[in-house]
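**Q** Once you've had a glance at the structure underneath, I'll fire off some questions.
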Amino acid sequence: MNNTRPIHSDFQFLLDFKSQEVIYLFCDLRESILDLYPNSNELLYHTHALTAVFSISEKLSDAFCMLPIYTNHLNLGFNKGTLLKDPNQLLIGTGKLMRHLAVKNPEDYRNAKVKSLIKESIDFALNDMDKPTKSIGKTISKIKK
């Protein structure tokens, strides 16, 4: 993995309260996502969960995936998961659009099926985008201090 984008200090402060196992999973999966699409913008939130959202623009509506972090695990979420091809039926959820897969260990995402799903989501977001983005490869904190 070639990513060298640092984690934003607002996010890192809150991430440090999580277990080392969850921190490792987040950092490893984040790197995998950024390796697949280095130009993605990373939108950071702290609402019901500490969440990193990966978008092809600076808008949440153009996001292709997200990593909400919970106490003992994180999810790899897809904002428009019901619209993605999921031939291996990896995605779970009952929402109108959103689907996810639970991440409890590296084997949950370090495989060709999940990599293909992330790529599918990136392609879908690029084709679904309304207008070109002004921001490329930025980290944007929406965390209120």
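Every read-out reported here was derived from the displayed coordinates using simple, explicitly stated rules and does not represent laboratory data. It should be emphasised that the depicted structure is a prediction, and the values quoted were computed from it without experimental measurement. Ideal geometry is used to build each Cβ from the backbone, glycine not excepted, and the neighbour counts take in all protein chains shown.
**Q** With springs only between Cα atoms under 10 Å, which of Leu50, Leu90, Leu25 fluctuates most in a Gaussian network model of the chain?
**A** Leu90
**Q** Sticking with this one: What is the calculated FRET efficiency for Phe17 to Lys144, with r their C-beta to C-beta distance and R₀ = 25 Å, to the nearest 0.05? Present the calculation step by step, with values, prior to reporting the outcome.
**A** Values: r = 16 Å, r/R0 = 0.65.
Here the calculated transfer efficiency is 0.95.
**Q** Related question: Comparing Lys104, Lys96, Lys113, which has the greatest mean-square fluctuation in the GNM of the chain with Cα pairs linked when under 10 Å apart?
**A** Of Lys104, Lys96, Lys113, the Gaussian network model singles out Lys96 as fluctuating most.
**Q** Under the rule of -39500 (n - 2.57) per DSSP H run of 4 or more residues, summed and divided by the residues of the chain, what mean residue ellipticity at 222 nm is obtained, to the nearest 500 deg cm²/dmol?
**A** Helix contribution divided over all residues of the chain: -9000 deg cm²/dmol.
**Q** Let me see the P(r) profile for the range 29-94: every Cα-Cα distance counted, bins of 5 Å, each bin given as a percent of all pairs.
**A** Per 5 Å bin, starting at zero, the Cα-Cα P(r) for the range 29-94 comes out as 4, 17, 25, 26, 20, 8, 0 percent.
**Q** May I pose another question? So which of Lys59/Lys96; Lys59/Lys115; Lys59/Lys119 end up more than 25 Å apart, counting from Cα to Cα?
**A** none
**Q** While we're here: Would you mind telling me which residue in Ser32, Ser116, Ser40 has the biggest mean-square fluctuation in a Gaussian network model of the chain, where springs connect alpha carbons within a distance under 10 angstrom?
**A** Of Ser32, Ser116, Ser40, the most mobile in the Gaussian network model is Ser116.
**Q** Let me ask something else. Which Rg and Dmax, in Å, describe the Cα atoms of the range 26-145?
**A** Calculated on Cα positions, Rg and Dmax stand at 13.4, 42 Å.
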